[in-house]
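Let me begin by presenting the structure, written as structure tokens, before commenting on it.
The values are calculated or read from the model by the stated rules, or taken from the named source; none is laboratory data. Worth saying up front: this structure is predicted, and the values here are computed from it rather than measured. Don't worry about glycine lacking a Cβ; one is built from the backbone with ideal geometry, like all the others, and counts go over all protein chains shown.
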């Protein structure tokens with residue numbers, strides 16, 4: 001898919017990521033990841049076992065986040081590592097391809113969590129974080145252009161998985177589970193472009209910002225009608241008259 005290939009910048013290694021963050025300061029409290037290698041068609045041909053690590057935050061987790069993720073301040077105190085150690089562990093997990101990888105998340109909030117955690121810490125691997133920031137891709141921003149719900153809103157990861165017949169591997173808000181689900185969704189999108197095409201036609205059919213003559217032609221095309229240049233010219237004449 002040429003549009004996504006441009007985002008990859010030639011990388012054949014994709015690390016699918018999910019960060020969980022604190023409720024108010026949005027610091028990282030967990031990392032989930034799955035490192036993959038894609039073939040020339042963008043399909044996943046190799047996939048490592050998922051990675052997961054808990055990260056100690058400078059501020060409180062928050063009751064809402066604890067109820068959502070099951071991660072508490074007490075848990076982080078016992079099982080969490082520093083942000084610096086967590087980034088080092090992620091880099092080691094990805095391996096020698098780290099600098100030549102694209103880091104894909106579902107939504108932009110993960111990048112916010114990374115940036116907030118950087119602002120609260122000073123002893124982390126700056127080069128590793130810079131590589132992730134530079135090679136970051138928001139898969140929701142990419143696929144959200146082509147697929148929306150009936151009201152034109154963005155769709156959740158779980159609903160995207162349902163749409164593309166991807167069986168989710170576990171409960172939402174477990175970072176390693178979400179990372180695997182995202183990897184599986186990506187692979188399904190790359191292998192099932194007909195679904196993407198059908199959904200994009202629905203989006204175009206509801207797009208209200210075309211000039212009226214163009215909108216009339218688009219509506220005919222979406223409904224399966226054939227439209228000629230003469231038909232288009234006729235719609236323009238109707239609009240002008």
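Here are the numbers for this structure:
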{"read-out": "Test: residue 218 is in a helix (DSSP H, G or I), under 21 Å from residue 145 (Cβ atoms) and more than 30 Å from the chain's Cα centre (by Cα)", "value": "no"}
{"read-out": "Test set (1) surrounded by 13 or more Cβ atoms within 10 Å (Cβ to Cβ); (2) more than 30 Å from residue 55 (Cβ to Cβ); (3) without any contact (Cβ under 8 Å) to a residue 12 or more places away in the chain - residue 224 fails condition number", "value": "(1)"}
{"read-out": "Residue check, residue 174 buried (at least 17 other Cβ atoms within 10 Å of the Cβ) and under 30 Å from residue 113 (Cβ atoms)", "value": "yes"}
{"read-out": "Residue 95 vs. criteria loosely packed, with under 13 Cβ neighbours inside 10 Å, in the same structural domain as residue 185 (by TED's automatic domain parsing) and at positive phi", "value": "yes"}
{"read-out": "Number of positions in segment 39-61 that are crowded, with 17+ Cβ neighbours inside 10 Å and without any contact (Cβ under 8 Å) to a residue 60 or more places away in the chain", "value": "4"}
{"read-out": "Scan of segment 162-210 for residues that are without any contact (Cβ under 8 Å) to a residue 12 or more places away in the chain and more than 21 Å from the chain's Cα centre (by Cα), ordered by number", "value": "207, 208, 209, 210"}
{"read-out": "Tally, over segment 115-126, of residues that are outside any helix (DSSP H, G or I) and surrounded by 15 or more Cβ atoms within 10 Å (Cβ to Cβ)", "value": "3"}
{"read-out": "Verdict on residue 213 being free of Cβ contacts under 8 Å to residues at least 40 places away in the same chain, out of contact with any strand residue (DSSP E or B) (no Cβ under 8 Å at 6 or more places or on another chain) and surrounded by fewer than 16 Cβ atoms within 10 Å (Cβ to Cβ)", "value": "no"}
